[in-house]
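K.L.:
Mind looking over this structure? Questions follow.
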Amino acid sequence: LPVTVKAFETELIPAERIAAQIGKTVILTCNSTGCASPRFSWRTQMDSPLGGTVNNHRTYSTLTMNPVSILNSHDYLCTVFCDKEEKKEKTVKVELYSFPSDPIIEISPPVAGEPVTVTCRIPEVYPSDQLEVLLKKGEDLLHKENFYGDSNTNTANKTVTYSFNPTAEDTGKEITCVAKLPIDDMDFEPKERVTSQKLNVNFGPQNTIITASPGNSPMEGDSVTLTCVTESNPPAQIVWRKHLADESIQHLIENNVLSIPHARFTDSGLYMCEVINLVTNKTEKATVDIVIQDGPKNTMISVIPATAVKEGETVTMKCITSGNPAPVISWKKKKATGESQKIFQGAVLTIQNVTSQDLGLYECEAYNQFGKEEKAVKLLVKVPPQNITVLVYPSENVKEGENVTITSSTYSNPPSQMVLKKVHQEKEIILPSANGTFILYNVTKNDTGRYLLDVFNEVGNNIKVIEIAVAGRLEKPDQMIALIIAFSCVTAIVVPGVAILIYVARKAKINGSYSLVKALRLKV
């Protein structure tokens with residue numbers, strides 16, 4: 001059979017052109033066929049240094065550039081010699097680029113309403129004059145920049161910076177840096193690199209509100225829950241405070257929920273939720289006025305100057321109560337029949353020029369839609385003795401030996417005491433009394449005279465004058481002797497008694513008061 005001889009040929013791999021990433025390894029392989037002992041030669045078209053290592057083998061040769069650099073941007077020529085005269089040449093163009101990694105995004109701490117700077121850095125780019133960079137927020141284009149006319153002849157780090165004012169709504173949106181190296185006549189991938197970073201905007205606190213459950217006007221005893229709601233990133237620190245009646249502020253808790261398990265009337269007041277963002281260093285406050293509703297409670301009556309006053313004075317009665325809504329206050333006076341009559345509406349009842357008709361039981365009634373409460377006070381009017389009636393039995397003109405009874409009635413408050421005095425030679429002799437009744441036993445002419453009935457109490461006194469005349473009578477001798485003996489006996493008893501009364505009366509003047517009952521007891 002005839003032997004087929006292959007023609008002498010040369011092949012260069014890769015053929016014609018290659019796009020090489022700077023810093024990587026590039027191997028050019030020159031193959032020969034149809035030649036038993038080929039010889040290989042490598043050179044650049046401009047006879048520049050090869051910038052690589054040649055390794056010859058029996059039928060092929062390699063040129064290894066490790067790493068490939070900007071110095072390797074040439075047309076490389078592989079020449080294969082076969083025998084003495086025959087040779088073949090192949091050329092490959094080495095085109096360089098550098099686009100080794102994705103962009104790097106740096107974002108300054110974003111605070112809502114304040115400028116934030118986004119920096120996108122593209123490392124080791126070549127050729128940089130072909131670079132295009134896009135900055136996007138979500139789907140919105142923020143900025144576009146290219147580097148046309150850039151004169152860098154080697155790899156370079158390129159940076160794009162853009163500033164904008166973020167809003168709270170931007171939180172969670174992605175900031176994307178898109179870097180493109182669109183060299184149409186170079187075959188490499190990727191020609192586009194993308195890096196994204198979520199935007200975490202620090203904002204607030206804002207839109208702070210307080211919700212009250214079941215409402216801001218609960219009933220006493222209800223459970224009340226106050227919730228402070230705010231918008232803040234990072235989450236805000238929440239502090240509850242309460243404004244007190246003395247204008248001070250009471251610190252309560254550090255929590256977004258404030259619970260009052262069993263609301264009391266004293267829990268009413270202005271509550272404040274203070275929200276603090278430690279990153280933005282901003283504070284916002286919200287307030288709610290809590291009014292605990294209840295029927296009247298703790299109702300009291302104060303009386304000025306006192307519950308017992310003298311006629312003609314002015315007395316003021318004030319009704320104090322608590323409750324919400326504010327109770328309506330009215331005054332009633334209890335009649336003698338036991339019924340109550342409404343006499344005034346208002347917290348303060350004033351009675352001027354008090355008379356005895358004003359004494360009695362006064363009731364203060366506090367009322368709102370949740371209930372009512374009543375309190376009562378008894379007003380006493382001090383009245384000096386008046387309307388004094390004096391009765392003398394059997395009459396003011398009597399005969400010796402008869403008994404004379406003097407009784408008196410009067411109206412006064414507090415009850416009166418009575419003292420009967422006989423005016424005798426410019427002296428007053430105090431006579432004893434039994435329950436306000438005075439009895440002159442077996443009167444004689446010596447009992448004739450003027451008697452003063454002094455009716456008195458702590459408020460005042462009243463004196464009535466009684467003229468008693470005793471007429472004599474004729475007696476038999478033996479009867480006269482008996483009468484003298486009897487009179488002597490009576491005198492022996494009465495004189496010490498009168499002395500005791502005088503002593504007691506003097507003592508009473510010293511002490512400022514006198515009691516007929518005590519006088520009688522002393523006599524007994």
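K.L.:
Determine, at each q value in 0.22, 0.24 (inverse angstroms), the log₁₀ of I(q)/I(0) that the Debye formula gives when each Cα of the stretch 384-468 is one equal point scatterer.
P.N.:
With one equal scatterer per Cα and no solvent, log10 I(q)/I(0) is -1.04, -1.20.
K.L.:
Could you work out [θ]222 nm for the chain from helices alone, using -39500 (n - 2.57) per DSSP H run of at least four and dividing by all its residues? Round to the nearest 500 deg cm²/dmol.
P.N.:
Computed mean residue ellipticity for the chain: -3000 deg cm²/dmol.
K.L.:
Taking Cα pairs under 8 Å and at least six residues apart, what relative contact order does the stretch 311-411 come out at, in percent?
P.N.:
24
K.L.:
Right, another one. Working from the pairwise distances between different alpha carbons, so that the mean of 1/r is found and then inverted, what is the stretch 104-201's Kirkwood radius in Å?
P.N.:
Final number for the Kirkwood radius of the stretch 104-201 is 14.2 Å.
K.L.:
Just to check I understand the Karplus step: with θ = phi - 60° and J = 6.51 cos²θ - 1.76 cosθ + 1.60, what whole-Hz values come out for the stretch 109-123, glycine and proline as x?
P.N.:
With the stated coefficients, the stretch 109-123 comes to x, x, 10, 4, x, 10, x, 10, 10, 9, 10, 10, 10, 10, x Hz.
K.L.:
Counting only C-alpha contacts under 8 Å and six or more residues apart, can you give the relative contact order of the stretch 373-425 as a whole percent?
P.N.:
Result for the stretch 373-425 is 39 percent.
K.L.:
Given Cα pairs under 8 Å that are at least 6 residues apart, what percent is the relative contact order of the chain?
P.N.:
With pairs under 8 Å counted, the relative contact order is 7 percent.
K.L.:
Given the C-alpha centroids of the stretch 194-239 and the stretch 286-346, what is the distance between them in whole angstrom?
P.N.:
If we compute the Cα centre of each part, the gap is 44 Å.
K.L.:
Just to confirm the number: angle between the C-alpha axis of helix 477-511 and the first principal axis of the chain, 0 to 90 degrees, nearest 10?
P.N.:
Helix 477-511 sits at roughly 20 degrees to that axis.
K.L.:
Let me ask something additional. Rank Ile238, Ile463, Ile429 by accessible area, highest first, at a 1.4 Å probe radius?
P.N.:
Ile463, Ile429, Ile238
K.L.:
With the full set of protein chains in place, find how many percent of the accessible area of the chain is carbon and sulfur; take the probe as 1.4 Å.
P.N.:
51
K.L.:
Let me ask something else about it. Could you give the size of the charge dipole of the chain about its Cα centre, using +1 on the Cβ of each K and R and -1 on the Cβ of each D and E, expressed in debye and rounded to the nearest 20?
P.N.:
3720
K.L.:
Just to compare against my own numbers: the Cα pair-distance distribution for the stretch 1-126, 10 Å bins, whole % per bin, please.
P.N.:
Using 10 Å bins, I get a P(r) of 12, 32, 21, 13, 9, 7, 4, 2, 0, 0 for the stretch 1-126.
K.L.:
Let me ask you something else. If you take the charge dipole of the stretch 1-160 about its Cα centre, with +1 on Lys and Arg Cβ and -1 on Asp and Glu Cβ, which of Pro100, Gly52, Thr79 is farthest toward its positive end?
P.N.:
Thr79
K.L.:
Something else: In Å², what does the accessible area per residue of the stretch 152-307 work out to with a 1.4 Å probe?
P.N.:
53
K.L.:
Around Asn368, what is the net charge, scoring Lys/Arg as +1 and Asp/Glu as -1 over all other residues with Cβ under 14 Å from its Cβ?
P.N.:
-3
K.L.:
A further question follows. Under a plain spin-label model, where a point goes 7 Å from the Cα along Cα-to-Cβ, how far apart in nm are Glu231 and Ser248?
P.N.:
3.8
K.L.:
Turning to a different aspect of this structure: Taking the Cα centre of the stretch 160-229 as origin, work out the dipole magnitude from +1 charges on Lys and Arg Cβ and -1 charges on Asp and Glu Cβ, in debye rounded to 20.
P.N.:
In debye, rounded to 20, the stretch 160-229 gives about 160.
K.L.:
Once you put a point 7 Å from the Cα of Val257 and another 7 Å from the Cα of Thr25, both along the Cβ direction, what distance in nm separates them?
P.N.:
6.5
K.L.:
If you don't mind, there's one more thing I want to ask. With each label point set 7 Å from Cα along the Cα-Cβ vector, what nm distance links Thr53 and Asn152?
P.N.:
Between Thr53 and Asn152, the simple spin-label model gives 3.0 nm.
K.L.:
Right, next: At 10 °C and 1.306 mPa s, what whole-number value in µm²/s does Stokes-Einstein give for the translational diffusion of the stretch 294-379, with Rh from the Kirkwood sum over Cα pairs?
P.N.:
Approximately 120 µm²/s, per Stokes-Einstein.
K.L.:
Which length gain, in nm to one decimal place, applies between Ala469 and Thr437 when the Cα-Cα distance is subtracted from 0.36 nm times their residue separation?
P.N.:
Here the answer is 9.6 nm.
K.L.:
Then there is this: Sort 105-117, 386-398, 358-370 for me by packing, meaning the mean count of neighbouring Cβ atoms within 10 Å per residue, highest on top.
P.N.:
Most protected by this proxy first, the peptides run 358-370, 105-117, 386-398.
K.L.:
What does the accessible area per residue of the stretch 9-97 come to in Å², with a 1.4 Å probe and no ligands, DNA or RNA counted?
P.N.:
56
K.L.:
Going from the alpha-carbon gyration tensor of the chain, what semi-axes, largest first and in whole Å, does one get by taking the root of 5 times each eigenvalue?
P.N.:
Three semi-axes, in Å: 139, 19, 16.
K.L.:
As an exercise, identify the trypsin sites (Lys or Arg not before Pro) in the stretch 327-361 lying in DSSP coil whose Cβ has no more than 16 other Cβ atoms within 10 Å.
P.N.:
Those that pass, being in a loop and sparsely packed, are Lys335.
K.L.:
Which of the three applies to the stretch 297-337, rounded, prolate or oblate, going by the alpha-carbon gyration tensor with a ≥ b ≥ c and a/c under 1.5 meaning rounded?
P.N.:
It is oblate, given that a/c is not under 1.5 and a/b is not larger than b/c.
K.L.:
Can I ask one more? For the stretch 383-456 and the stretch 94-131, write down the distance between their C-alpha centroids in whole Å.
P.N.:
127
K.L.:
Placing +1 on the Cβ of each Lys and Arg and -1 on the Cβ of each Asp and Glu in the stretch 213-290, which of Thr230, Met219, Val288 has its Cα farthest towards the positive end of the resulting dipole?
P.N.:
Comparing the listed Cα positions along the dipole, Thr230 ranks first.
K.L.:
Hey, another quick one. Could you give me the percent of Cα pairs per 5 Å distance bin for the stretch 213-290, shortest bin first, beginning at zero and ending with the bin that holds the maximum distance?
P.N.:
Pairs per bin, as whole percents: 3, 15, 26, 23, 17, 9, 5, 2, 0.
K.L.:
Order the following by accessible area, largest value first: Ser128, Ser356. Probe radius 1.4 Å; ligands, DNA and RNA are ignored.
P.N.:
The residues order as Ser356, Ser128, largest area first.
K.L.:
Grab the beta carbon distance between Thr389 and Thr355, set R0 = 25 Å, and tell me the FRET efficiency rounded to 0.05.
P.N.:
0.75
K.L.:
May I ask for the Kirkwood hydrodynamic radius of the stretch 146-231, worked out over all distinct Cα pairs and given in angstroms to one decimal?
P.N.:
Taking every pair of different Cα atoms in the stretch 146-231, averaging 1/r and inverting gives 18.9 Å.
K.L.:
So what's the projected area for the stretch 231-382, the Cα convex hull averaged over all directions, in nm²?
P.N.:
12.3
The values are calculated or read from the model by the stated rules, or taken from the named source; none is laboratory data. Model, not experiment: these values are computed from the prediction. Glycine gets a Cβ as well: all are built from the backbone with ideal geometry, and neighbour counts include every protein chain shown. Please note that ligands, DNA and RNA were not included when accessible areas were found on the heavy atoms of the full protein model with its side chains. Shrake-Rupley method; radii C 1.70, N 1.55, O 1.52, S 1.80 Å.
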